[in-house]
Amino acid sequence: MTHEIAVIPGDGIGQEVTPAAVEVLEAIESVDFDFVEGEAGDAVQAETGEALPQATRDLAADADATLFGAAGETAADVILPLRQVVDSFANVRPAVSYPALDAVQPDTDLVFIRENTEGVYKGIESEITDSVTTCTRVITEEASRDIAEFGFTYARQNGYDDVTIAHKANVMRQTDGLFLETAEAVGEERGADYDTALMDALAMHLVMHPEDYGVVICPNLAGDMLSDLAAGLVGGLGLLPSANVGPENALFEPVHGSAPDIAGQGVANPSAMILSAAMLLDHLGYDEEGDRVRAAVETVLESGPRTPDLGGDASTRDVTDAVLGEL
Ligand code: GGG
């Protein structure tokens with residue numbers, strides 16, 4: 001069986017790390033892929049006036065899965081609609097420390113289960129006057145239930161005992177009140193053990209004692225921010241992969257953005273993108289192959305070469321070749 005994979009490198013270092021992940025998938029001889037490339041992002045916007053052409057949407061909708069690189073200035077017009085195109089209600093962001101790296105917190109094994117369709121990322125913003133703007137935060141019972149069901153199931157299937165529901169219901173009483181109440185109801189219905197945590201206090205506790213946490217179920221913006229915070233605990237954004245999962249389709253992308261400060265230099269860490277490709281393999285049912293890719297990345301993180309974000313002087317090409325060598 002051949003799997004059609006939409007490949008959308010996007011902006012900045014997305015153009016450099018996405019081909020690395022494709023090379024890794026091509027090296028998995030037991031799985032056949034057909035890669036089809038689509039354009040999206042700042043450059044396409046400048047050229048055509050449209051950051052996400054219909055042809056790229058169709059590509060992602062029709063493929064078995066999508067690999068996405070990074071969004072730049074046009075993120076709201078690219079990655080948010082692309083996540084809708086694949087109907088992905090859950091954004092899975094694991095943050096794991098690797099023994100070989102000198103991480104801020106070496107005992108980190110967290111997975112953020114981020115609600116992916118609403119909250120302040122719904123995009124309902126208004127300019128009331130030149131000096132007054134608003135953003136409408138949407139939280140529904142349906143989406144809160146979907147993400148909580150997904151989070152509790154993920155924890156059980158992946159052996160995590162600690163489940164935490166992140167919220168700010170003491171301030172956002174209506175919206176996070178509904179999120180919290182709904183997610184707690186799901187926990188109760190399942191007879192699951194769980195904790196709840198105010199997201200600001202949780203940020204501090206995650207920095208000081210990440211080992212006390214496992215799966216964290218979050219509203220949209222909180223999941224985006226807390227996962228970046230966790231990236232800082234394990235060695236940086238160059239290491240965090242993610243999966244955007246829907247009932248029928250999925251999109252895989254590194255947690256990092258387009259990193260304009262290093263784009264074009266060939267020194268971006270491809271690990272997060274390659275680990276996202278490993279999540280794609282898991283999603284398609286190739287768990288053993290996904291594990292092989294993760295093991296190869298882990299070996300290279302241990303033995304080098306390493307890119308500058310991890311204290312080395314290797315290029316994206318060097319690290320990709322080393323991972324391919326391990327495979
Ligand atoms: N590959 C992830 C990416 O491009 N991130 C840039 C960004 O702005 N992301 C916002 C989000 O993940 O919701």
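The values are calculated or read from the model by the stated rules, or taken from the named source; none is laboratory data. Everything numeric in this text was worked out from a predicted model, so none of it was measured. Heads up, the Cβs are rebuilt from the backbone with ideal geometry, glycines too, and the neighbour counts pull from every protein chain shown. Heads up: the accessible areas ignore ligands, DNA and RNA and are worked out on the full protein's heavy atoms, side chains in. Shrake-Rupley method; radii C 1.70, N 1.55, O 1.52, S 1.80 Å.
State the percentage of accessible surface on the chain attributable to carbon and sulfur atoms; use a 1.4 Å probe and exclude ligands, DNA and RNA.
The C+S portion of the solvent-accessible surface of the chain is 47 percent.
Considering only protein heavy atoms, what per residue accessible area in square angstrom results for the stretch 2-43 with a 1.4 angstrom probe?
Result: 38 Å² of accessible area for each residue.
Have a look at the DSSP beta bridges in the stretch 83-217 and tell me what percent are antiparallel, nearest 5.
Roughly 55 percent of the beta bridges in the stretch 83-217 run antiparallel, per DSSP.
Quick one: compute the contact order of the stretch 1-152, relative version, from alpha carbon pairs under 8 angstrom and 6+ residues apart, as a percent.
20 percent
Using the heavy atoms of the protein chains alone and a 1.4 angstrom probe, what is the accessible area of the stretch 113-188 per residue in square angstrom?
Per residue, the stretch 113-188 has an accessible area of 54 Å².
Grab the other residues whose beta carbon is less than 15 angstrom from that of Gly311, score K and R as +1, D and E as -1, and report the net.
-4
According to the square roots a ≥ b ≥ c of the eigenvalues of the Cα gyration tensor, what is the shape class of the stretch 215-274, taking rounded for a/c under 1.5, prolate for a/b larger than b/c otherwise, and oblate for the remainder?
oblate
Can you give me the relative contact order of the stretch 127-238 as a percent, contacts being Cα pairs under 8 Å and 6 or more apart?
Dividing the mean separation by the residue count of the stretch 127-238 yields 30 percent.
Sorted by mean Cβ packing within 10 Å, highest first, what order do the peptides 234-244, 149-159 take?
Highest to lowest by the protection proxy: 234-244, 149-159.
Can you tally the net charge around Arg114? Count Lys and Arg as +1, Asp and Glu as -1, for every other residue whose Cβ sits under 9 Å from the Cβ of Arg114.
It works out to a net charge of -1.
Which shape class applies to the stretch 1-128: rounded if a/c is under 1.5, otherwise prolate when a/b exceeds b/c and oblate if not, where a ≥ b ≥ c are the square roots of the Cα gyration tensor eigenvalues?
Oblate, since a/c reaches 1.5 and b/c is not below a/b.
Quick one: compute the contact order of the chain, relative version, from alpha carbon pairs under 8 angstrom and 6+ residues apart, as a percent.
22 percent
On average, how much area does the Cα convex hull of the chain cover when viewed from any direction, in nm²?
That works out to 16.9 nm², a quarter of the Cα hull's surface.
Around Ala322, under 15 Å between beta carbons, what's the net of Lys plus Arg minus Asp minus Glu among the other residues?
Here the charged neighbours net out to -3.
Would you calculate the separation in nanometres between label points at Phe35 and Asp212, each defined as 7 Å from the Cα along the Cα-to-beta-carbon direction?
Once both label points are built, they end up 4.4 nm from each other.
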